[in-house]
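FYI, it's all coordinate maths here, none of it is from the lab. It should be emphasised that the depicted structure is a prediction, and the values quoted were computed from it without experimental measurement. Counting neighbours? That spans all protein chains shown, and the Cβs are built from the backbone with ideal geometry, glycine included.
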Amino acid sequence: MAKNTSSYVCQSCGNVTARWSGKCAACGEWNSITEEVTGGGVAAGPGRNTSKGRAVTLETLEGQTDEAPRFKTGIEEVDRVTGGGVVPGSAILVGGEPGIGKSTLLLQVSASIANAGLRAIYFSGEEATAQVRLRADRLGLTSAPVSLAAETSLSNILATLKREKNLNLLIIDSIQTLWSDSLESTPGTVSQVRATVQSLIRFAKQTDAALILVGHVTKDGQIAGPKVVEHMVDTVLYFEGDKGHQFRILRAVKNRFGPTDEIGVFEMLGEGLAEVKNPSALFLGERDVDSPGSAVFAGIEGTRPVLVEIQALVAPSSLGTPRRAVVGWDSNRLSMLLAVLEARCGLVFGGHDIYLSVAGGYKISEPAADLAAAAALVSSRSGIALPTDCVYFGEVGLSGGVRAVGHMPLRLKEAQKLGFNSAVVPLKDEKKIASSGISCCGIAHLIDLTVQLSQNKNGLASDFKLENSPL
């Protein structure tokens, strides 16, 4: 029998130390180190008595390799994010905050696959089978031939799966609840998560059953289960969204069988998650076209163009340090953009509170949104509404120059489809897209943008000032 050993593991990053300390030396988190007792078994590392091993066959890079086979989930948005469908034998991690809708989405996926004639098993570690049935009844999925069980013991789950011969999909909800009897640590710790996931992935590879794992991501980062297993799985999907909005976004951040940074858009309804075929029209559905500070950004997520509204509010502040609040965008990017507008364009924002938000709970990560955010800020500061049929995209440098971005035809095609007739783009790309069917205005510097909005000086706000600017 293997001797039990004790170690101290950081629950935030997984760093192992020989003694306890209040602060993790690897990630800097406080009060995240707990004692874990490990022994021989699932999570045990290589022992002292190792076998001699066998020689493996080495191959070259030449040769023909067929594309990985897939099966459709029946939900187009999920198939888009996974790269065209689920690969048999692959392991998929779906992360997200509690209550965001992960269990609802995966129950719909399992029901769709089961209705297509494939074998699907759903293990719930957080809810009883009666609770899962109530959700299925609310979603109208009770007739789907999905096998259901409420179990958290890894040994019991593996014993049950060994009886299955034609299993196609296995869903574990969630990995934080599983435990292995070979470890004395509590469920949800790094050791337990690593051990259980390793055993389930090994089973999936041996049986060609697709494995979907659910992992919680808390805001304070105390439980880092999904972060620990990201390198172990083939695909990592994050389910994002603001609970105050009905929109949910399934985003691929790692995919060995398809593109990364692909997104799928859903709408949370009473009967479950509904696919959004045209997310651009949904994000712009309640746009206030006559209000200053509103700009439409033509973005790209993976291979999909998405048009979203960026709203900015610049208001006089009575505070010594004005507020800077950002929702759906990088706050550091906003600080940089404000500094460029003040230093290069002569716009004064120092005595004003600034609020910037991406409508619909959407999150923007690409730098091409700089020009749209700058247009919204200048529009709100001057009190002049932007043209209602115009979209903006371009990266802004520290010199104030507007740099070119990729996927220009896709952005303009999506804008034209939704009724936009003009676009403000980087000057270097204006010639490339002259035949796109949409009127393009190329600008080389942010000063060109302020000139366009300041041509009608009678519409400027009374305290709108331009310093060190040619206007």
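Below, the figures for the structure above:
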item	result
Listed residues HIS245, GLY383, LEU154: farthest to the positive end of the dipole of the chain (Cβ charges)	LEU154
Debye, to nearest 20: dipole size of the chain, +1 on Lys, Arg Cβ, -1 on Asp, Glu Cβ	880 debye
Which label in (i) 27.4, 94; (ii) 22.8, 74; (iii) 26.4, 86 gives the computed Rg and Dmax of the Cα atoms in Å	(iii)
Angle in degrees between helix 129-139 and the longest Cα principal axis of the chain, rounded to the nearest 10	40 degrees
Which listed pairs, of LYS52/LYS254; LYS165/LYS254; LYS277/LYS363; LYS72/LYS165, have C-alpha distances above 27 Å, in listed order	LYS52/LYS254; LYS165/LYS254
Inter-probe distance in nm under a simple model that places probes 7 Å from Cα toward Cβ, at ASP353 and ALA339	2.5 nm
Gyration tensor (alpha-carbon) shape descriptor, the range 76-277, a/c threshold 1.5	rounded
Cysteines (scope the chain) whose Cβ has no counterpart Cys Cβ under 4.7 Å	CYS345, CYS390, CYS440, CYS441
Viscosity 1.306 mPa s, 10 °C: Kirkwood-radius Stokes-Einstein D of the range 139-211 over Cα pairs, µm²/s	120 µm²/s
C-alpha long axis of helix 331-345 to longest principal axis of the chain, angle in °	20 degrees
Relative contact order, percent, the chain [alpha-carbon distance under 8 Å, six or more residues apart]	12 percent
Options LEU139, PRO187, MET232, ranked by Cα towards positive dipole end of the range 76-277, top entry (Cβ charges)	MET232
Angle in degrees between helix 102-115 and the longest Cα principal axis of the chain, rounded to the nearest 10	70 degrees
Fewest-first ranking of MET268, MET336, using other Cβ atoms within 10 Å as the exposure measure	MET336, MET268
